[in-house]
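J.: I have a structure I would like to understand better, so I am pasting it below and will then ask my questions one at a time.
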Amino acid sequence: MSNDREPVRILAHESVAEGITERLEAAMSRRKFLGAIGAAAAAAALASCGDKVYNYYGGASPTASTLVERRLNLYSWADYTDPELLAAWGDTTVAIYNSSEDLIKKLTAANGKSGFDVVVPTGMFIPEMVRRGLLEQLDLSKIPNFNQLDVQYTDQTWDRKNTYSVCKAWGSVGWLYDSTVVTKPIATWNDFIEAAKGEASGKTSLLDAPIDTTGLYFWANDIEWDNDNAEAMAACKSLLLNDLAPHLAGLDSAPQGVIADTPYALSQVFTGDARRCLLALKEAGQDVSKWKFGVGAPKTELWMDNYCIVKDARHKEAAYDYINFMLDPLNAARDAMFIGANTGTASLREMIPSELPFQEFLFFSPEELARMVPGKYSQGLDEAVAIHTELSKKTSAGTPVKG
């Protein structure tokens with residue numbers, strides 16, 4: 001079988017795709033990776049550019065099986081896989097979604113003809129995807145590297161015995177702020193809300209994800225995160241649409257480019273994206289010491305995204321091979337460094353180079369872990385989506401209030 005590989009392709013709305021492509025090209029340029037070369041040349045390129053993971057382990061490059069046709073249609077989050085790994089695996093087309101809700105809607109509407117092979121939903125959505133018949137039951141014997149996962153990231157409540165899913169990465173939600181603008185330290189979500197309405201008014205972003213924008217209310221008030229609680233959802237709606245909307249500059253799940261170029265001063269962030277924000281600022285020569293990060297308190301989300309194979313996937317054997325490739329400890333470490341999130345392999349901590357900056361975004365303290373709670377899928381999620389949609393319209397329709 002030929003080792004020639006076509007470029008990674010990105011399918012998204014034109015305005016979104018342009019930014020994603022630029023970031024992928026920049027990432028590949030920074031690492032001097034030649035996407036369509038053989039394994040030996042890739043190893044030499046990686047060694048020549050001082051790649052920390054692969055030089056750390058003797059300069060070995062990622063390799064994929066030659067037993068299957070390496071062709072795959074991946075439907076995932078933006079900037080969520082190291083492009084070098086995608087290119088090293090084979091011929092991959094990547095389409096982008098903004099939320100697991102959008103993913104479910106797309107697959108349901110396609111009625112088995114989406115054309116996608118692998119998707120990466122957040123764990124709480126998997127039972128609903130199974131109920132709708134969207135996912136293949138996995139044969140774990142075809143994913144031998146499943147045994148490389150730490151057992152605490154297997155057999156989750158939303159998918160016992162990993163019948164339909166395998167951990168891709170996990171993390172949490174917190175805040176990132178410019179302490180020269182937000183001068184009062186933020187220690188809780190209520191502090192975040194007050195800063196958004198005060199010093200960071202007009203310079204604040206919330207995540208572009210319904211469960212997380214609405215989750216803010218529940219976490220701030222330290223109450224059960226339950227979208228079926230009608231009274232709490234009404235209060236959540238008032239907080240977001242009446243109190244916060246006039247002060248928001250955007251809804252943004254990957255704000256690193258905006259923070260570096262036309263700064264937000266305060267952002268609700270996924271932990272991995274917070275790390276990438278700081279790396280982008282550091283690479284741009286900016287002072288990162290003024291940026292402060294915190295894991296949400298008194299409560300916040302514990303999310304886990306998972307590899308799943310789409311029901312009746314056209315490239316099913318390639319999908320198994322791809323998942324197994326990504327769970328290889330070296331590749332999982334490489335991906336963790338790129339996305340800034342823990343990829344769940346048991347050996348990850350010992351495989352991450354000690355000089356890697358901002359490791360606190362990969363490995364959390366017991367106190368931080370104690371604040372994290374997983375979401376759950378319920379009928380009330382429809383209301384969360386409705387609130388988020390209205391918030392998005394309010395945020396994009398008018399000029400935010402300036403503090």
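The values are calculated or read from the model by the stated rules, or taken from the named source; none is laboratory data. A quick note: this is a predicted structure, and the numbers were derived from the prediction, not measured. Because the Cβ atoms are built from the backbone with ideal geometry, glycine has one as well, and the counts that use them run over all protein chains shown.
J.: With respect to Lys197, is the statement that it is of a type in the set (Lys, Arg) and in contact with a strand residue (DSSP E or B) (Cβ under 8 Å, 6 or more places away or on another chain) true?
T.: Considered against the rule, which asks whether it is of a type in the set (Lys, Arg) and in contact with a strand residue (DSSP E or B) (Cβ under 8 Å, 6 or more places away or on another chain), Lys197 comes out as no.
J.: Got at least one residue in the stretch 197-204 being surrounded by 21 or more Cβ atoms within 10 Å (Cβ to Cβ), polar (S, T, N, Q) and part of a helix (DSSP H, G or I)?
T.: No; the residues of the stretch 197-204 include none that is surrounded by 21 or more Cβ atoms within 10 Å (Cβ to Cβ), polar (S, T, N, Q) and part of a helix (DSSP H, G or I).
J.: How many residues are within 19 Å of the chain's Cα centre (by Cα), part of a loop (DSSP other than H, G, I, E, B) and surrounded by fewer than 24 Cβ atoms within 10 Å (Cβ to Cβ) if we restrict to the stretch 153-174?
T.: Result for the stretch 153-174: 2.
J.: Surrounded by fewer than 17 Cβ atoms within 10 Å (Cβ to Cβ), out of contact with any Gly (no Cβ under 6 Å at 6 or more places or on another chain) and either at pLDDT 95 or above or assigned to a loop (DSSP other than H, G, I, E, B) (or both) - does that describe any residue in the stretch 267-282?
T.: no
J.: Can you tell which of Gly112, Gly133 is part of a loop (DSSP other than H, G, I, E, B) and touching an Asp or Glu at 6+ places or on another chain (Cβ under 6 Å)?
T.: Gly112
J.: Could I ask something else about it? Residues to consider are Gly215, Gly285, Gly294; find the one that is touching a residue at least 40 places away in the same chain (Cβ under 8 Å) and either outside any helix (DSSP H, G or I) or touching a Pro at 6+ places or on another chain (Cβ under 9 Å) (or both).
T.: Testing whether each residue is touching a residue at least 40 places away in the same chain (Cβ under 8 Å) and either outside any helix (DSSP H, G or I) or touching a Pro at 6+ places or on another chain (Cβ under 9 Å) (or both) leaves just Gly294.
J.: What number of residues within the stretch 349-367 satisfy the criterion of being part of a helix (DSSP H, G or I) and under 20 Å from Glu301 (Cβ atoms)?
T.: Total meeting the criteria: 4.
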